[in-house]
Amino acid sequence: GNGPSGICLSYLLSGHIPYVKPGAVHPHPLLQRKLAEATGVSILDQDLEYLSEGLEGRSQSPVALLFDALLRPDTDFGGSIDSVLSWKRQKDRAVPHLVLGRNLPGGAWHSIEGSMVTLSQGQWMSLPDLQVKDWMRKKCRGLRNSRATAGDIAHYYRDYVIKKGLSHNFVSGAVVTAVEWAKSEHGSPEVQASSPLFQVNGYLTTKDHGHQPFSLRARNVVLATGTFDSPAMLGIPGETLPFVHHDLSALEAALRAGTVNPTSDPVLIVGAGLSAADAVLFARHYNIQVIHAFRRSVHDPGLVFNQLPKMLYPEYHKVQQMMRDQSILSPSPYEGYRSLPEHQPLLFKEDHQAVFQDPQGGQQLFGVSMVLVLIGSHPDLSYLPRAGADLVIDPDQPLSPKRNPIDVDPFTHESTHQEGLYALGPLAGDNFVRFVQGGALAAASSLLKKETRKPP
């Protein structure tokens, strides 16, 4: 994977080593005291468990909280103290590696509609040693409401790889089809320099859309493929009909083709997360009529809108207001928008009709031009033995970034079930760019220690 986790790990493995700036004072007194005990020793060579002890924040990962605290010392308190880290290039410490990705560097950011504003603040999307705001300033662009567009962020990640001299490590258009133990002639896992080898098979997509197979061997493999591989399905009849889609880009394409316009039947949007909200905002921007259906009550504290500060997220607050007001007030104060809280979709019919069960148990029928089912997505680990089922915390449950991620050692991000296999980002339970970088720090620290133990 070549999203933010993979890019950050490549930066660290390319010999960019973080040190505490001489004279820098961290506002967290306990962390400052620990940092002062090892002046001149790089963060990668210190005890990450010791340093991260006692830190609190919005991630379950201790190293994520540590790296975030070093990069953005007081950001949760609205401050803007500069990073306490300085970066030194030490070529002799670089670890040879390849970063394989289907898209250009930036991963799933390249498949998000470019004008969408990011959920996180722009500065939180920054990778080490190149702030998004500084990069935007050079491009003569500003952050809107301190947030950036998805298009800007995708461009920033691509640029980061070039500016930091990492391009030779990145292979784009690479699809991995299998990761398995490399077997020796005797059939046992091959052992070289005391650790087993992985065999990684896949293909490169050529310019004429052909497939060129490749096969690699590696001592360590890092899984950083995120969660955008396969959209979650409702599992109801008619979901595979051609007018039912599972990504926002289908609406963009329909608008461009003119198959959906302000006079056509409404677009049905199913879901109450941020992707669904983005679709509502996108459709309303083009005066497309919307029916917005979701399972929960508008007052459910689990709804993401009920957890976002209004000041930072005015457009999502607007969607929340529409969902709430329209469900109470009839006729709708919002022309062209209708919300259906606590409605369960039952069936999509070939004649563009959607059948719902309402909260009272009755059935409702709506004519629609197209359906967007935006209820989340699942990672695809079909390239691993048993699709990675043996790697998660609870092997009886499916892999889920929020509920059942890959079980990793929190201070190395190495799998607890498979030596040499690492997981970063959403696969290991970290869902925000701001916090996935801690996983890269943990993995880089572990991989560098393995390099120094390698026999000559």
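Scan the range 76-102 residue by residue and report those that are open to solvent by 30 Å² or more (accessible area, probe 1.4 Å), at pLDDT 85 or above and part of a loop (DSSP other than H, G, I, E, B).
Across the range 76-102, the qualifying residues are GLN90, ALA94, PRO96, HIS97, LEU98, ARG102.
Can you pull out every residue in the range 230-252 that is surrounded by 14 or more Cβ atoms within 10 Å (Cβ to Cβ) and not in a loop (DSSP other than H, G, I, E, B)?
PRO231, VAL244, HIS245, ALA250, LEU251, GLU252, listed by residue number.
Considering only the range 138-197, state which residues are modelled with pLDDT of 90 or more, within 30 Å of ASP390 (Cα to Cα) and not in a strand (DSSP E or B).
ASN169, GLY173
Report yes if some residue within the range 306-319 is at pLDDT 80 or above, assigned to a helix (DSSP H, G or I) and not basic (Lys, Arg); otherwise report no. Before the answer, list the steps.
Pass one, the range 306-319, residues at pLDDT 80 or above: 318-319.
Imposing the further condition that a residue be assigned to a helix (DSSP H, G or I) reduces the set to 318-319.
When the remaining residues are screened for being not basic (Lys, Arg), the result is 319.
Yes.
Condition test on GLN364, is it assigned by the TED database to the domain that holds LEU268 and assigned to a strand (DSSP E or B)? Quick ask: steps written out before the conclusion?
On the way: assigned by the TED database to the domain that holds LEU268: yes; assigned to a strand (DSSP E or B): yes.
Considered against the rule, which asks whether it is assigned by the TED database to the domain that holds LEU268 and assigned to a strand (DSSP E or B), GLN364 comes out as yes.
Is there any pair with a first residue in the range 2-25 that is under 30 Å from VAL176 (Cα atoms) and assigned to a helix (DSSP H, G or I) and a second that is basic (Lys, Arg) and open to solvent by 20 Å² or more (accessible area, probe 1.4 Å) whose Cβ atoms are under 7 Å apart and which are 6 or more apart or on different chains, and what are they?
As it stands, the answer is TYR11/LYS164, since those pairs meet every condition given.
Would you mind telling me which numbered condition in (1) touching a strand residue (DSSP E or B) at 6+ places or on another chain (Cβ under 6 Å); (2) of a type outside the set (Val, Ile, Thr); (3) surrounded by 15 or more Cβ atoms within 10 Å (Cβ to Cβ) LEU48 fails?
(1)
So ALA277 ticks every box in (1) assigned to a loop (DSSP other than H, G, I, E, B); (2) modelled with pLDDT of 85 or more but one. Which box is left unticked?
Failed condition: (1).
Please specify each residue of the range 412-454 satisfying the condition of being of a type in the set (Ser, Thr, Tyr) and open to solvent by less than 20 Å² (accessible area, probe 1.4 Å). Working first, answer last.
So the first thing to find is which residues in the range 412-454 are of a type in the set (Ser, Thr, Tyr), and the list is 412, 415-416, 422, 445-446, 452.
The answer is SER415, TYR422, SER445, SER446.
Return the residue satisfying two criteria in turn: it lies in the range 385-410 and is assigned to a loop (DSSP other than H, G, I, E, B) and surrounded by 21 or more Cβ atoms within 10 Å (Cβ to Cβ), and of such residues it is farthest from the chain's Cα centre (by Cα).
From the range 385-410, those assigned to a loop (DSSP other than H, G, I, E, B) are 389-391, 393-399, 401-403, 405, 407, 409-410; that's our starting set.
When the remaining residues are screened for being surrounded by 21 or more Cβ atoms within 10 Å (Cβ to Cβ), the result is 391, 399, 405.
Details: LEU391: 20, LEU399: 15, PRO405: 13 Å.
It comes out as LEU391.
The values are calculated or read from the model by the stated rules, or taken from the named source; none is laboratory data. From a predicted model like this one, the values you see are computed outputs, not experimental measurements. Cβ atoms come from the backbone with ideal geometry, glycine included; neighbour counts cover every protein chain shown. The area values use the complete protein model at the heavy-atom level, side chains included, leaving out ligands, DNA and RNA. Shrake-Rupley method; radii C 1.70, N 1.55, O 1.52, S 1.80 Å.
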